[in-house]
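Just so you know, all these numbers are worked out from the coordinates, no wet-lab data involved. These figures come from a predicted structure and were not determined experimentally. Neighbour counts run over all protein chains shown; Cβ positions are idealised from the backbone, glycine included.
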Amino acid sequence: MQLEIFKSKIHRAKVTQAELHYVGSITLDETLMEAADIIENEKVQIVNVNNGERFDTYVIKGEKDSGTVCLNGPAARKVQVGDIIIIVSYAIMEREEAKNHQPIIIFPDQNNSIK
């Protein structure tokens with residue numbers, strides 16, 4: 001049996017941009033991606049702490065150490081610049097592997113830098 005398991009999380013990142021007229025997705029600072037073990041094009045769930053919105057999208061790699069957290073396309077309507085969001089990734093694992101899995105959780109500061 002395979003289970004979908006919480007893999008990693010960027011907890012309480014600040015939205016720096018919202019670009020409605022873009023192809024779609026979330027652009028993330030490459031440093032945040034590496035720290036959370038999230039790769040480009042990976043599906044992620046976005047949880048907006050400010051308004052309760054929850055939605056899925058995929059990741060585009062942003063400039064390293066830029067602090068970029070930009071929602072693009074229709075997702076831009078679900079956030080405001082300055083909103084605090086949680087970015088969650090999941091993985092499919094066999095039951096035994098899942099029992100021993102330790103998720104990665106990172107806590108960026110107010111500038112989306114790693115503490």
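What the table shows:
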read-out: Within the range 11-42, considering residues that are aliphatic (A, V, I, L, M) and farther than 17 Å from Asp83 by Cβ, the one surrounded by the fewest Cβ atoms within 10 Å (Cβ to Cβ); value: Val23
read-out: Among the candidates Gln102, Gln45, residue that is without any contact (Cβ under 8 Å) to a residue 60 or more places away in the chain, surrounded by 12 or more Cβ atoms within 10 Å (Cβ to Cβ) and under 23 Å from Gln2 (Cβ atoms); value: Gln45
read-out: Lone qualifier among Ile92, Ile60, Ile87 - being over 23 Å from Asp109 (Cα atoms), assigned to a strand (DSSP E or B) and of a type in the set (A, V, I, L, M, F, W, C); value: Ile92
read-out: Breaking point among (1) on the phi > 0 side of the Ramachandran plot; (2) assigned to a strand (DSSP E or B), for Ser8; value: (1)
